[in-house]
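The block underneath contains the structure these notes are about, expressed in structure tokens.
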Amino acid sequence: MLPEITPLIAGNWKMHKTLAEARALAREIRAGLDPAGTVEVAVAPPFTALAAVAAELTGSPVGLAAQDAFWEPQGAFTGAISPLMLQDVGCRYVIIGHSERRRHFGETDAGVNRKAKAVLDQGLRPIVCVGETLAQREAGETLEVVSRQLRAGLAGLDPVQAAALVVAYEPVWAIGTGRTATPAQAQEVHAFIRSLLPEVVGNAVVRLLYGGSVTPDNAAALLAQPDLDGALVGGASLQAASFLKIAAAAA
């Protein structure tokens, strides 16, 4: 981990939590964090709970994130949420290009690029996700896939814009499956991303997160790798105790 980079642990709640459950989880996370901690923490509730969680986190260092955004600020786009709306509700981060958005909702690299630029235009920080399927890994295509997604998803960003960027490597085969990339596998891809970024976005310092069945049991070994700057946590972020243990492992 590069010394100038503050670790980031972001919890993606996906399609979980009612308003009452979201408020309770946000309160538990806020109460359980070390106030003098050196790790940045963010949570991404579903859209319906963003305002409620924002209220619970007021005055705390915990950042609010959204799970997606559309690229237009407003208009006749039924069902879409704009970066302007997310900024208004208090978001700091927006997850873009998650594999579940790509797989279930037809997200493309070109769409990721448009969304990243729109998010940055509103002063928000995109967490851009990349990663390969099991078939692509077994075919030896991991680095090719990640390179293609990065080049297309970050095309046209300058170093000033990219300074607000976060990239999350999340091998699709390890999301929600209980399978996790080994620390060596994660480090290999993160090191590759780190080496590629200067070519794509210039000299910006970009935080790199690992996502893919991160748990309290494997977090320390993963986060000890030199090119992992944090984690994008799925299932383990739905309970305060497990999420806080992962945050503690990043300190």
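Descriptive notes on the structure:
- Rounded Å value of the spacing that divides the Cα centres of the range 61-87 and the range 173-251: 25 Å
- Calculated P(r) over Cα pairs in 10 Å bins from 0, in percent (choose from (i) 7, 26, 28, 21, 12, 5, 1, 0; (ii) 8, 31, 35, 20, 5, 0; (iii) 8, 34, 39, 18, 1), label: (iii)
- Selected from Ala22, Pro159, Gly176, residue furthest toward positive end of dipole (the chain; charges at beta carbon): Ala22
- Per residue, the average separation of C-alpha pairs within less than 8 Å and at least 6 apart gives the range 207-251 a relative contact order of 47 percent.
- Computed helical MRE - 222 nm, the chain, DSSP H runs ≥ 4 contributing -39500 (n - 2.57), nearest 500: -12000 deg cm²/dmol
- By the count of neighbouring beta-carbon atoms within 10 Å, fewest first, Cys91, Cys129 end up ordered Cys91, Cys129.
- Against the rule of thumb 2.2 N^0.38 Å, how large the Cα Rg of the range 1-127 comes out: 1.07
- Measuring nothing but how far apart in sequence close Cα pairs (under 8 Å, 6+ apart) lie, relative to its length, the range 52-204 scores a relative contact order of 20 percent.
- On the beta carbon distance between Glu144 and Ala251, with R0 = 30 Å, the FRET formula returns roughly 0.30.
Only the coordinates and a few stated rules stand behind these numbers; no lab work does. Fair warning: this is a prediction, and the values are worked out from it, not measured in the lab. Cβ: placed from backbone, ideal geometry, glycine included. Neighbour counts: every protein chain shown.
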